[in-house]
Amino acid sequence: MKLYLVRHAEAEDGDVDAARQLTEQGRADAQRLAEALRAMNLRVADVWHSGYPRAAQTAEPIARVAGGATPRPHDGLAPFDRTRPIAKQVNGYGDGDLMIVGHEPFLGKLAARLVTRRASRGIVKLDKPSIVCLDDGGHGVWRIRWMLSRASSAPTEPRGHDAPRAETAAAPQGTDGPPS
């Protein structure tokens, strides 16, 4: 199974965090991320988001190009929610690949929990917007496959001890990784 963790695009400032919408730049960036993913032929069975408008608005164009799954709000994906319950749901997810669109620090901690079994280990920090692909290899042992962000020019894959800095390595070739 592959798990795609997507951080939302740039949002407006606002007093109520849960109500913030994407900016015009954020909408354009979300669309550009979707177009980059279209070229990769991603297919996911489900797209979960936090229910915050900025996460839903980021999820919509991406879901259209990733198999057409309808993005739906999912409890437990807010910025400071605990990762353990979602990690259990991900590990018991079943068939198909899953995409979660949400926020930092939650997404980074979820990636850490899945890969290292500890949410406190910082292994990735997602820019706005960005995506990291994790793969359980069919054995429930998660690893980072690649990462793509607005700040990077191409998807990248971590190498050995450099895994926490995924953006420093070259991308793999083939069907399991991003295109060159």
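One line per residue, one yes/no per condition, for (1) in contact with a helix residue (DSSP H, G or I) (Cβ under 6 Å, 6 or more places away or on another chain); (2) under 30 Å from Thr116 (Cβ atoms); (3) at pLDDT 95 or above; (4) among the hydrophobic types (A, V, I, L, M, F, W, C):
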residue: Glu24; (1), (2), (3), (4): no, no, yes, no
residue: Ala30; (1), (2), (3), (4): yes, yes, yes, yes
residue: Ala36; (1), (2), (3), (4): no, yes, no, yes
residue: Pro73; (1), (2), (3), (4): no, yes, yes, no
residue: Ala78; (1), (2), (3), (4): no, yes, yes, yes
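Within region 138-152, the set of residues being outside any strand (DSSP E or B) and either without any contact (Cβ under 8 Å) to a residue 24 or more places away in the chain or surrounded by fewer than 19 Cβ atoms within 10 Å (Cβ to Cβ) (or both) comprises Gly138, His139, Gly140, Val141, Arg150, Ala151, Ser152. Among the residues of region 64-77, just one is closer than 16 Å to Asp29 by Cβ and of a type outside the set (Lys, Arg), namely Val65.
Of the candidates Gly108, Gly94, the single residue that is surrounded by fewer than 16 Cβ atoms within 10 Å (Cβ to Cβ) and not hydrophobic (A, V, I, L, M, F, W, C) is Gly94.
Looking across region 12-59, just one residue is without any contact (Cβ under 8 Å) to a residue 12 or more places away in the chain and under 17 Å from the mean Cα position of the chain (by Cα), and that is Asn41. Can you find a residue that is at pLDDT below 95, under 23 Å from Leu114 (Cα atoms) and not in a helix (DSSP H, G or I) anywhere in region 8-21? Within region 8-21, not a single residue is at pLDDT below 95, under 23 Å from Leu114 (Cα atoms) and not in a helix (DSSP H, G or I). Consider region 35-56 and keep the residues that are out of contact with any Asp or Glu (no Cβ under 6 Å at 6 or more places or on another chain) and buried (at least 21 other Cβ atoms within 10 Å of the Cβ). The one that is farthest from Thr83 (Cα to Cα) is Leu37.
The values are calculated or read from the model by the stated rules, or taken from the named source; none is laboratory data. Because the structure is a prediction, the values reported are computed rather than measured. When we count neighbours, we look across all protein chains shown, and the Cβ atoms used for this are built from the backbone with ideal geometry, even at glycine.
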